1. How are the alpha carbon pair distances in the range 121-184 distributed across 10 Å bins from zero to the largest one, expressed in percent?
2. Count charges around THR35 for me, please; just the other residues with Cβ under 12 Å from its Cβ, Lys/Arg as +1, Asp/Glu as -1.
3. Just to confirm my numbers, what's the Cα centroid distance between the range 23-78 and the range 156-218 in Å?
4. In the full protein assembly as shown, how much of VAL207 is accessible to a 1.4 Å probe, in Å² to the nearest 10?
5. Taking a probe of 1.4 angstrom, what is the accessible area of THR117 in Å², to the nearest 10?
6. Determine, from the Cβ-Cβ distance of ARG336 and LYS180 and an R0 of 41 Å, the FRET efficiency 1/(1 + (r/R0)^6), rounded to the nearest 0.05.
7. Could you give me D for the chain, from Stokes-Einstein at 20 °C and 1.002 mPa s, where the hydrodynamic radius is the Kirkwood radius over C-alpha pairs? Units µm² s⁻¹, please.
8. Per residue, how much accessible area does the chain have with a 1.4 Å probe, in Å²?
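The values are calculated or read from the model by the stated rules, or taken from the named source; none is laboratory data. Not measured: the values here are computed from a predicted model. We place every Cβ from the backbone using ideal geometry, glycine too, and count neighbours over all the protein chains shown. For accessibility, only protein heavy atoms count, side chains too; no ligands or nucleic acids. Shrake-Rupley method; radii C 1.70, N 1.55, O 1.52, S 1.80 Å.
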Amino acid sequence: MKNTEIPFFLGYVEQAIGGAQDPLNPPISISRNGTLAKWRGKLNFIDLRVNDPALKKNAAAFEQTLQKAASLEIKVVITLPEFSPVYFDLPPEPEIPDPKRPAPPPPRGTIKDKRLTHFKPAYLALPSAIQGHPSYYALSVEECLPIIELAAKYEVKDVIVPVSEPGVFLDPQAEIRFKKALKELHAAASASSITLHLRNGGISLSVYRKLAREFGCKFAYDVGIAHLEGDNILDTYHKLDGNISIISLQQVLPGLDKYSGRREAMDRALKEYVAARNEYRQSLKENDEGYSEKCLKQFNFALKDYQEARRNSCFNLGLYQSGDLNLVPLLKEIRRSIEAGSEKHVLLAMVPNTRNNDFVVQKVAPENFSGAF
(Lines give C-alpha, C1' and ligand atoms only; values in the text may rest on other atoms or scores of the structure.)
Protein backbone atom coordinates (compact mmCIF):
# COMPACT_ATOMS: atom_id res chain seq x y z
CA MET A 1 0.00 0.00 0.00
CA LYS A 2 1.01 3.63 -0.09
CA ASN A 3 1.94 5.99 2.71
CA THR A 4 3.85 9.26 2.67
CA GLU A 5 7.26 7.54 2.65
CA ILE A 6 6.73 4.43 0.53
CA PRO A 7 5.90 4.86 -3.21
CA PHE A 8 4.19 1.47 -3.49
CA PHE A 9 0.70 0.89 -4.90
CA LEU A 10 -1.11 -2.46 -5.01
CA GLY A 11 -3.88 -3.04 -7.52
CA TYR A 12 -6.21 -5.56 -9.17
CA VAL A 13 -7.67 -5.98 -12.64
CA GLU A 14 -11.29 -5.09 -13.40
CA GLN A 15 -12.09 -6.86 -16.66
CA ALA A 16 -15.57 -8.43 -16.48
CA ILE A 17 -17.77 -5.49 -17.47
CA GLY A 18 -18.29 -5.73 -21.22
CA GLY A 19 -20.68 -8.48 -22.20
CA ALA A 20 -21.16 -9.70 -18.59
CA GLN A 21 -18.44 -12.21 -19.43
CA ASP A 22 -14.67 -12.10 -19.46
CA PRO A 23 -12.04 -12.81 -22.12
CA LEU A 24 -10.27 -14.90 -19.50
CA ASN A 25 -12.36 -17.39 -17.56
CA PRO A 26 -12.70 -17.40 -14.56
CA PRO A 27 -13.05 -13.60 -14.51
CA ILE A 28 -10.18 -11.54 -13.10
CA SER A 29 -12.51 -8.92 -11.74
CA ILE A 30 -13.10 -7.04 -8.51
CA SER A 31 -16.78 -6.49 -9.31
CA ARG A 32 -17.34 -10.21 -9.89
CA ASN A 33 -15.60 -11.05 -6.62
CA GLY A 34 -17.62 -8.75 -4.39
CA THR A 35 -18.31 -5.05 -4.66
CA LEU A 36 -15.49 -2.60 -5.16
CA ALA A 37 -16.30 -1.08 -1.74
CA LYS A 38 -15.51 -4.43 -0.12
CA TRP A 39 -11.93 -4.08 -1.36
CA ARG A 40 -11.41 -0.58 0.02
CA GLY A 41 -8.28 -0.58 2.16
CA LYS A 42 -6.99 -3.73 0.42
CA LEU A 43 -5.89 -2.07 -2.81
CA ASN A 44 -4.77 1.33 -4.07
CA PHE A 45 -5.72 1.17 -7.72
CA ILE A 46 -7.54 -0.85 -10.35
CA ASP A 47 -6.62 -1.59 -13.94
CA LEU A 48 -9.90 -0.97 -15.76
CA ARG A 49 -9.61 -3.03 -18.96
CA VAL A 50 -11.97 -1.58 -21.53
CA ASN A 51 -12.93 -4.55 -23.72
CA ASP A 52 -15.38 -2.42 -25.67
CA PRO A 53 -13.88 -0.58 -28.67
CA ALA A 54 -15.30 2.96 -28.99
CA LEU A 55 -17.44 2.27 -25.88
CA LYS A 56 -20.24 1.14 -28.21
CA LYS A 57 -22.07 -1.17 -25.81
CA ASN A 58 -21.04 -0.57 -22.20
CA ALA A 59 -20.01 3.06 -21.82
CA ALA A 60 -22.34 3.58 -18.84
CA ALA A 61 -20.94 0.55 -16.98
CA PHE A 62 -17.35 1.72 -17.40
CA GLU A 63 -18.25 5.24 -16.31
CA GLN A 64 -20.04 3.89 -13.21
CA THR A 65 -16.88 1.99 -12.26
CA LEU A 66 -14.83 5.19 -12.60
CA GLN A 67 -17.36 7.07 -10.46
CA LYS A 68 -17.33 4.36 -7.79
CA ALA A 69 -13.53 4.23 -7.70
CA ALA A 70 -13.39 8.03 -7.34
CA SER A 71 -15.87 7.95 -4.44
CA LEU A 72 -13.71 5.32 -2.69
CA GLU A 73 -10.48 7.25 -3.46
CA ILE A 74 -9.14 4.31 -5.48
CA LYS A 75 -6.85 5.32 -8.34
CA VAL A 76 -7.68 3.98 -11.82
CA VAL A 77 -5.35 2.93 -14.62
CA ILE A 78 -7.13 2.25 -17.92
CA THR A 79 -6.10 -0.40 -20.45
CA LEU A 80 -7.16 0.16 -24.04
CA PRO A 81 -9.10 -2.68 -25.73
CA GLU A 82 -7.25 -5.94 -26.27
CA PHE A 83 -10.47 -7.78 -27.12
CA SER A 84 -13.56 -6.98 -29.14
CA PRO A 85 -16.80 -8.77 -28.16
CA VAL A 86 -18.98 -10.63 -30.67
CA TYR A 87 -22.43 -11.71 -29.48
CA PHE A 88 -24.46 -14.86 -30.26
CA ASP A 89 -27.92 -16.04 -29.21
CA LEU A 90 -28.12 -18.71 -26.52
CA PRO A 91 -30.27 -21.84 -26.92
CA PRO A 92 -33.84 -21.14 -25.75
CA GLU A 93 -34.81 -22.11 -22.22
CA PRO A 94 -37.22 -25.07 -21.90
CA GLU A 95 -40.78 -23.72 -21.98
CA ILE A 96 -42.08 -26.05 -19.26
CA PRO A 97 -39.49 -27.13 -16.67
CA ASP A 98 -39.68 -30.73 -15.51
CA PRO A 99 -41.25 -30.64 -11.99
CA LYS A 100 -39.50 -33.91 -11.12
CA ARG A 101 -36.07 -32.41 -11.80
CA PRO A 102 -36.10 -28.77 -10.69
CA ALA A 103 -33.10 -26.75 -11.80
CA PRO A 104 -30.60 -26.06 -8.99
CA PRO A 105 -30.45 -22.40 -7.92
CA PRO A 106 -27.50 -20.49 -9.42
CA PRO A 107 -24.56 -19.75 -7.08
CA ARG A 108 -24.79 -16.50 -5.14
CA GLY A 109 -23.56 -13.53 -7.13
CA THR A 110 -23.83 -15.36 -10.45
CA ILE A 111 -24.75 -13.15 -13.38
CA LYS A 112 -26.89 -15.10 -15.83
CA ASP A 113 -25.66 -14.51 -19.36
CA LYS A 114 -28.32 -13.42 -21.83
CA ARG A 115 -26.15 -14.31 -24.82
CA LEU A 116 -22.86 -15.94 -25.61
CA THR A 117 -20.03 -13.41 -25.83
CA HIS A 118 -16.93 -14.38 -27.79
CA PHE A 119 -13.95 -12.03 -27.54
CA LYS A 120 -11.71 -11.57 -30.58
CA PRO A 121 -8.16 -10.40 -29.85
CA ALA A 122 -7.93 -6.74 -30.92
CA TYR A 123 -4.74 -4.75 -31.56
CA LEU A 124 -3.78 -1.44 -33.13
CA ALA A 125 -1.32 -3.15 -35.49
CA LEU A 126 -1.79 -6.80 -36.29
CA PRO A 127 1.44 -8.48 -37.39
CA SER A 128 1.40 -9.25 -41.11
CA ALA A 129 1.04 -13.00 -40.50
CA ILE A 130 -2.41 -12.49 -38.93
CA GLN A 131 -3.55 -9.24 -40.55
CA GLY A 132 -7.00 -9.84 -42.04
CA HIS A 133 -7.47 -13.13 -40.17
CA PRO A 134 -11.15 -13.54 -39.18
CA SER A 135 -10.23 -14.57 -35.63
CA TYR A 136 -8.66 -11.15 -34.94
CA TYR A 137 -10.03 -7.62 -34.83
CA ALA A 138 -8.12 -4.63 -36.22
CA LEU A 139 -8.50 -1.91 -33.60
CA SER A 140 -8.54 1.68 -34.86
CA VAL A 141 -7.28 4.84 -33.19
CA GLU A 142 -10.81 6.27 -33.58
CA GLU A 143 -12.11 3.47 -31.34
CA CYS A 144 -9.57 4.39 -28.66
CA LEU A 145 -10.16 8.15 -28.58
CA PRO A 146 -13.51 7.97 -26.67
CA ILE A 147 -11.71 5.91 -24.03
CA ILE A 148 -8.95 8.52 -23.76
CA GLU A 149 -11.68 11.18 -23.40
CA LEU A 150 -13.38 9.19 -20.63
CA ALA A 151 -10.02 8.80 -18.88
CA ALA A 152 -9.45 12.55 -19.07
CA LYS A 153 -12.95 13.27 -17.71
CA TYR A 154 -12.13 11.31 -14.54
CA GLU A 155 -8.54 12.60 -14.31
CA VAL A 156 -7.00 9.20 -15.04
CA LYS A 157 -3.31 9.83 -15.65
CA ASP A 158 -2.06 6.43 -16.86
CA VAL A 159 -3.27 4.42 -19.86
CA ILE A 160 -1.86 1.01 -20.84
CA VAL A 161 -1.58 0.21 -24.56
CA PRO A 162 -1.39 -3.53 -25.39
CA VAL A 163 0.91 -3.95 -28.39
CA SER A 164 0.35 -7.55 -29.52
CA GLU A 165 -0.29 -10.97 -28.02
CA PRO A 166 2.35 -13.22 -26.42
CA GLY A 167 4.79 -14.58 -28.98
CA VAL A 168 3.26 -12.72 -31.97
CA PHE A 169 5.85 -10.01 -32.56
CA LEU A 170 5.48 -6.88 -34.67
CA ASP A 171 7.21 -7.26 -38.01
CA PRO A 172 8.66 -4.10 -39.70
CA GLN A 173 5.39 -3.31 -41.53
CA ALA A 174 3.31 -3.77 -38.37
CA GLU A 175 5.81 -1.64 -36.46
CA ILE A 176 5.20 1.22 -38.93
CA ARG A 177 1.43 0.85 -38.52
CA PHE A 178 1.74 0.76 -34.72
CA LYS A 179 3.99 3.83 -34.66
CA LYS A 180 1.46 5.78 -36.74
CA ALA A 181 -1.37 4.80 -34.36
CA LEU A 182 0.74 5.59 -31.29
CA LYS A 183 1.57 9.06 -32.62
CA GLU A 184 -2.16 9.91 -32.75
CA LEU A 185 -2.86 8.36 -29.34
CA HIS A 186 0.12 10.18 -27.83
CA ALA A 187 -1.17 13.54 -29.11
CA ALA A 188 -4.63 12.91 -27.60
CA ALA A 189 -3.21 11.62 -24.30
CA SER A 190 -0.66 14.44 -23.93
CA ALA A 191 -3.39 17.03 -24.31
CA SER A 192 -4.89 15.68 -21.07
CA SER A 193 -1.57 15.04 -19.26
CA ILE A 194 -2.03 11.27 -19.64
CA THR A 195 1.03 9.00 -19.77
CA LEU A 196 0.91 6.01 -22.13
CA HIS A 197 2.47 2.72 -20.99
CA LEU A 198 3.19 0.18 -23.74
CA ARG A 199 2.52 -3.36 -22.52
CA ASN A 200 4.91 -6.12 -23.48
CA GLY A 201 3.70 -9.00 -25.59
CA GLY A 202 4.87 -9.03 -29.19
CA ILE A 203 7.24 -6.07 -28.81
CA SER A 204 11.04 -6.28 -28.64
CA LEU A 205 13.05 -4.07 -26.32
CA SER A 206 14.71 -2.36 -29.29
CA VAL A 207 11.31 -1.41 -30.77
CA TYR A 208 10.10 -0.19 -27.37
CA ARG A 209 13.20 1.95 -26.89
CA LYS A 210 12.73 3.62 -30.30
CA LEU A 211 9.11 4.44 -29.48
CA ALA A 212 10.00 5.61 -25.96
CA ARG A 213 12.60 8.03 -27.33
CA GLU A 214 10.08 9.54 -29.74
CA PHE A 215 6.94 9.60 -27.58
CA GLY A 216 8.17 9.38 -23.98
CA CYS A 217 5.95 6.36 -23.30
CA LYS A 218 6.57 4.11 -20.30
CA PHE A 219 6.62 0.29 -20.16
CA ALA A 220 3.90 -1.77 -18.46
CA TYR A 221 5.67 -5.05 -17.74
CA ASP A 222 3.50 -8.18 -17.55
CA VAL A 223 5.74 -10.91 -16.17
CA GLY A 224 3.36 -13.72 -17.15
CA ILE A 225 3.57 -12.68 -20.80
CA ALA A 226 7.33 -12.22 -20.45
CA HIS A 227 7.64 -15.78 -19.12
CA LEU A 228 5.57 -17.20 -21.98
CA GLU A 229 7.89 -15.42 -24.43
CA GLY A 230 11.01 -16.79 -22.73
CA ASP A 231 12.14 -13.36 -21.56
CA ASN A 232 14.84 -13.02 -18.91
CA ILE A 233 12.56 -11.21 -16.49
CA LEU A 234 15.13 -9.92 -13.98
CA ASP A 235 17.45 -8.76 -16.76
CA THR A 236 14.64 -6.86 -18.53
CA TYR A 237 13.47 -5.35 -15.24
CA HIS A 238 16.99 -4.08 -14.49
CA LYS A 239 17.38 -2.63 -18.00
CA LEU A 240 14.03 -0.82 -17.94
CA ASP A 241 13.59 -0.14 -14.20
CA GLY A 242 13.40 3.61 -14.80
CA ASN A 243 10.73 3.14 -17.49
CA ILE A 244 8.58 0.65 -15.56
CA SER A 245 6.10 2.03 -13.06
CA ILE A 246 3.44 -0.66 -13.65
CA ILE A 247 4.38 -4.32 -13.11
CA SER A 248 1.66 -6.88 -13.74
CA LEU A 249 2.06 -10.12 -11.80
CA GLN A 250 0.44 -12.98 -13.69
CA GLN A 251 1.04 -16.59 -12.71
CA VAL A 252 1.08 -18.97 -15.66
CA LEU A 253 1.78 -22.55 -16.58
CA PRO A 254 4.59 -22.84 -19.15
CA GLY A 255 4.20 -22.83 -22.88
CA LEU A 256 2.90 -20.60 -25.63
CA ASP A 257 1.34 -23.79 -27.00
CA LYS A 258 -1.12 -23.77 -24.08
CA TYR A 259 -1.94 -20.10 -24.70
CA SER A 260 -2.52 -20.58 -28.42
CA GLY A 261 -4.15 -23.98 -27.88
CA ARG A 262 -6.93 -22.47 -25.78
CA ARG A 263 -7.56 -19.81 -28.45
CA GLU A 264 -7.69 -22.42 -31.23
CA ALA A 265 -10.03 -24.65 -29.20
CA MET A 266 -12.38 -21.70 -28.63
CA ASP A 267 -12.38 -20.84 -32.35
CA ARG A 268 -13.18 -24.47 -33.26
CA ALA A 269 -15.93 -24.69 -30.64
CA LEU A 270 -17.43 -21.40 -31.80
CA LYS A 271 -17.68 -22.65 -35.39
CA GLU A 272 -19.48 -25.78 -34.16
CA TYR A 273 -21.75 -23.60 -32.03
CA VAL A 274 -22.73 -21.35 -34.94
CA ALA A 275 -23.35 -24.41 -37.14
CA ALA A 276 -25.59 -25.98 -34.45
CA ARG A 277 -27.46 -22.69 -34.01
CA ASN A 278 -28.06 -22.39 -37.75
CA GLU A 279 -29.27 -25.97 -37.99
CA TYR A 280 -31.70 -25.41 -35.12
CA ARG A 281 -33.06 -22.25 -36.79
CA GLN A 282 -33.54 -24.18 -40.04
CA SER A 283 -35.36 -26.96 -38.20
CA LEU A 284 -37.89 -24.44 -36.86
CA LYS A 285 -38.65 -23.31 -40.41
CA GLU A 286 -39.28 -26.92 -41.46
CA ASN A 287 -41.83 -27.28 -38.65
CA ASP A 288 -40.63 -30.78 -37.68
CA GLU A 289 -40.96 -31.03 -33.90
CA GLY A 290 -38.88 -34.20 -33.53
CA TYR A 291 -36.07 -32.84 -35.71
CA SER A 292 -36.15 -29.48 -33.86
CA GLU A 293 -35.82 -31.25 -30.51
CA LYS A 294 -32.80 -33.18 -31.78
CA CYS A 295 -31.23 -29.96 -33.14
CA LEU A 296 -31.87 -28.13 -29.86
CA LYS A 297 -29.99 -30.86 -27.96
CA GLN A 298 -27.04 -30.42 -30.33
CA PHE A 299 -27.26 -26.65 -29.83
CA ASN A 300 -26.98 -27.10 -26.05
CA PHE A 301 -24.14 -29.61 -26.41
CA ALA A 302 -22.29 -27.09 -28.59
CA LEU A 303 -22.76 -24.42 -25.91
CA LYS A 304 -21.27 -26.70 -23.25
CA ASP A 305 -18.35 -27.52 -25.56
CA TYR A 306 -17.65 -23.82 -26.08
CA GLN A 307 -17.84 -23.10 -22.34
CA GLU A 308 -15.40 -25.97 -21.72
CA ALA A 309 -12.98 -24.64 -24.34
CA ARG A 310 -13.20 -21.16 -22.80
CA ARG A 311 -12.30 -22.35 -19.30
CA ASN A 312 -8.85 -21.09 -18.39
CA SER A 313 -6.72 -23.31 -16.18
CA CYS A 314 -3.27 -22.15 -17.33
CA PHE A 315 -3.20 -18.38 -16.77
CA ASN A 316 -3.93 -15.81 -14.06
CA LEU A 317 -3.53 -18.33 -11.26
CA GLY A 318 -3.18 -16.98 -7.73
CA LEU A 319 0.37 -16.23 -6.60
CA TYR A 320 -0.01 -18.85 -3.88
CA GLN A 321 -0.95 -21.51 -6.44
CA SER A 322 1.53 -23.81 -8.17
CA GLY A 323 2.32 -22.10 -11.43
CA ASP A 324 5.58 -22.18 -13.36
CA LEU A 325 6.81 -18.74 -12.36
CA ASN A 326 8.84 -18.02 -9.22
CA LEU A 327 8.04 -14.36 -8.56
CA VAL A 328 10.03 -13.96 -5.33
CA PRO A 329 13.32 -12.78 -6.94
CA LEU A 330 11.44 -10.13 -8.95
CA LEU A 331 9.47 -8.97 -5.90
CA LYS A 332 12.76 -8.49 -4.03
CA GLU A 333 14.06 -6.35 -6.92
CA ILE A 334 10.86 -4.31 -6.88
CA ARG A 335 11.39 -3.80 -3.14
CA ARG A 336 14.91 -2.47 -3.82
CA SER A 337 13.50 -0.04 -6.41
CA ILE A 338 10.86 1.16 -3.93
CA GLU A 339 13.46 1.64 -1.20
CA ALA A 340 15.48 3.72 -3.67
CA GLY A 341 12.44 5.99 -4.16
CA SER A 342 11.02 4.63 -7.44
CA GLU A 343 7.24 4.66 -7.69
CA LYS A 344 5.88 1.19 -8.51
CA HIS A 345 2.32 0.03 -9.20
CA VAL A 346 2.16 -3.72 -8.60
CA LEU A 347 -0.85 -5.08 -10.47
CA LEU A 348 -2.30 -8.50 -9.61
CA ALA A 349 -3.75 -9.94 -12.84
CA MET A 350 -5.68 -12.85 -11.38
CA VAL A 351 -8.87 -13.82 -9.59
CA PRO A 352 -8.91 -11.48 -6.57
CA ASN A 353 -7.98 -13.05 -3.25
CA THR A 354 -6.46 -11.33 -0.21
CA ARG A 355 -3.89 -14.16 0.00
CA ASN A 356 -2.30 -12.58 -3.07
CA ASN A 357 -2.05 -9.27 -1.19
CA ASP A 358 -0.32 -10.98 1.73
CA PHE A 359 2.17 -12.71 -0.59
CA VAL A 360 3.18 -9.47 -2.30
CA VAL A 361 3.34 -7.27 0.80
CA GLN A 362 5.46 -9.83 2.64
CA LYS A 363 8.07 -9.72 -0.14
CA VAL A 364 7.82 -6.10 -1.32
CA ALA A 365 7.06 -3.86 1.66
CA PRO A 366 10.25 -2.39 3.14
CA GLU A 367 11.10 -2.85 6.82
CA ASN A 368 9.89 0.65 7.74
CA PHE A 369 6.56 0.15 5.92
CA SER A 370 3.68 1.48 8.02
CA GLY A 371 0.74 0.93 5.64
CA ALA A 372 -2.14 -1.31 6.64
CA PHE A 373 -4.61 -3.62 4.93
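1. Taking all Cα pairs of the range 121-184, the binned fractions are 21, 50, 24, 6 percent.
2. Once all neighbours under 12 Å are counted, the net charge is +3.
3. So the two Cα centres are separated by 23 Å.
4. Ignoring ligands and nucleic acids, VAL207 comes out at about 20 Å².
5. For THR117, the solvent-accessible surface is approximately 0 Å².
6. Plugging the Cβ-Cβ distance into 1/(1 + (r/R0)^6) gives 0.60.
7. In µm²/s, the coefficient rounds to 98.
8. Value returned for the chain: 48 Å² of accessible area per residue.
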